[in-house]
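What follows is a short report on a single structure.
Computed from the coordinates by the stated procedures, all read-outs in this text should not be read as laboratory data. Worth saying up front: this structure is predicted, and the values here are computed from it rather than measured. Backbone-built Cβ (ideal geometry, glycine too); neighbour counts: all protein chains shown.
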Amino acid sequence: MGPVNRAHIFALAFAEITAPSMTIHTILKMGDPRLLRVAQPVTEFDTDALHLLVRDMFDTMRSVNGAGLAAPQIGVDLQLVIFGSNHRNPRYPDRPLVPPTVLLNPVITPLGDEEEEDWEGCLSVPGLRGKVPRWSRIRYTGFDPYGDPIDRTVEGFHARVVQHECDHLIGKLYPMRVRDFTQFGFTEVLFPEISATEDD
Ligand code: ZN
């Protein structure tokens, strides 16, 4: 057994010690009507149930290398999204890092009318990618799980991730935003170099 394998086994054992009740939720797929709802605002902050939900969502997102995850994707009807990571995402290896964030009851305001198109995938739309127009610069506000306000002005990939995740809170999946369906297809065809290791 090489050092890599030993390190891996140690990491697994460590994960079991530190997260005895780690929960990976099933991610709903496009076609499930629960993905089409307008989500309810969070009204109670800093509760055990909310912190547990957030932890489970991070476990679920990391288990599938997601760039973000919205509560409706695991069937929870709340305005809650998570996104970002301290590590580069193998599904989006060339993208800048977005800080790990939990965002509740978000409000997005576009800054200017500039848009940009780029490829997106979605854990609820596995195996596909499409080019999606998004606002280039946005301000987003909302709350963290403790009820403290979040207020950020961002652009580029960070802005795209936030717009994608918050769309899940109004029942929109990225294919509904695609304008040019010649720029929509299977990941394994469009990006054969990622599909070998990632099946998003
Ligand atoms: Zn998505």
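Would you calculate a helix-derived [θ] at 222 nm for the chain, using -39,500 (n - 2.57) for each DSSP H run of n ≥ 4 and dividing by the full residue count, to the nearest 500? Don't skip to the end; give the middle numbers.
Details: 5 runs with 52 residues, N = 200.
When only DSSP H runs of four or more count, the value is -7500 deg cm²/dmol.
Kindly put Ser63, Ser136 in sequence by how many other C-beta atoms sit within 10 Å of each C-beta, fewest to most. Before the final figure, lay out each step's value.
Values: Ser63 12, Ser136 17.
Going from sparsest to densest Cβ surroundings: Ser63, Ser136.
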**Contour minus Cα-Cα distance for Asn86 and Val189 (0.36 nm per residue)** = 34.2 nm
**Request:** State, to one decimal in nm, how far the label point of Trp119 lies from the label point of Met30, with both points 7 Å from Cα in the Cβ direction.
**Result:** 1.6
**Fill in**
Per its Cα gyration tensor (rounded if a/c is under 1.5, else prolate when a/b beats b/c, else oblate), region 116-161 is best filed as oblate
**Prompt:** Of the beta bridges DSSP finds with both residues in region 3-198, what % are antiparallel, to the nearest 5?
**Reply:** 95
**Asked** Across every pair of different alpha-carbon atoms, what Kirkwood hydrodynamic radius in Å does region 82-200 reach?
**Response** 15.1
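Pull out a ≥ b ≥ c, the square roots of the eigenvalues of the alpha-carbon gyration tensor of the chain, then state rounded if a/c is under 1.5, prolate if not and a/b is larger than b/c, and oblate in the remaining case. Could you put the intermediate results ahead of the total?
Working: a/c = 1.59, a/b = 1.11, b/c = 1.43.
Here the chain falls in the oblate category.
Fewest first, what order do Tyr146, Tyr140 take by the number of other Cβ atoms within 10 Å?
On the way: Tyr146 11, Tyr140 20.
Lowest to highest Cβ neighbour count: Tyr146, Tyr140.
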